[in-house]
Amino acid sequence: MELKPPTNGDLLGEPGTNGQHSFYQLIHQGTKLIPVIYRVCPAAESARRHHDLLLANVLAQAEALAFGKTPQDVRAEGTPAWQVPHRTFEGNRPSSTLLLERLIRWRWGSSSHCTNTASSLKAHLGH
């Protein structure tokens, strides 16, 4: 199903899978292209299992943005026919994944600066 009117504006992030249904679907299937920057930091040893699952999710989101899913892909996963149009989306949506050694203000600020610069260029170029 293709939507004609614009469906989104600029968004802020959310840690972990909290953003899954609130805005990832919009990023994947919305009518406006939204560049995404994922920032990943290592976890404490006590949270390792949970962190590994979150890291797998981030990498899967980036892959899905890059390559999308065709109806054939979705059907091959065993998805019921009525859900296929709702799980299909184009790829070729830009994202960057930053694997940070640790979370410190300088690294967070420098990656935020890249986001702000990209947003300024986008506004200046009329996109």
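Residue-wise test of (1) modelled with pLDDT under 95; (2) aliphatic (A, V, I, L, M).
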position: Lys69; (1), (2): yes, no
position: Thr79; (1), (2): no, no
position: Arg87; (1), (2): yes, no
position: Ser95; (1), (2): yes, no
position: Leu98; (1), (2): yes, yes
position: Glu101; (1), (2): yes, no
position: Arg105; (1), (2): yes, no
position: Gly109; (1), (2): yes, no
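Take the stretch 36-67 and flag every residue that is part of a helix (DSSP H, G or I), over 12 Å from the mean Cα position of the chain (by Cα), closer than 18 Å to Leu100 by Cα and among the small types (Gly, Ala, Ser). Hits for the stretch 36-67 are Ala47, Ala56. Filtering the stretch 68-75 for residues that are assigned to a helix (DSSP H, G or I), within 11 Å of the chain's Cα centre (by Cα) and surrounded by 12 or more Cβ atoms within 10 Å (Cβ to Cβ) leaves an empty set.
Can you name the residue in the stretch 76-102 that is in a helix (DSSP H, G or I) and in contact with a Pro (Cβ under 9 Å, 6 or more places away or on another chain) and is also farthest from Pro35 (Cα to Cα) among such residues? Here the answer is Val84.
The values are calculated or read from the model by the stated rules, or taken from the named source; none is laboratory data. These numbers come from a predicted model, not from an experiment. All Cβ positions, glycine included, derive from the backbone under ideal geometry; neighbour counts span all protein chains shown.
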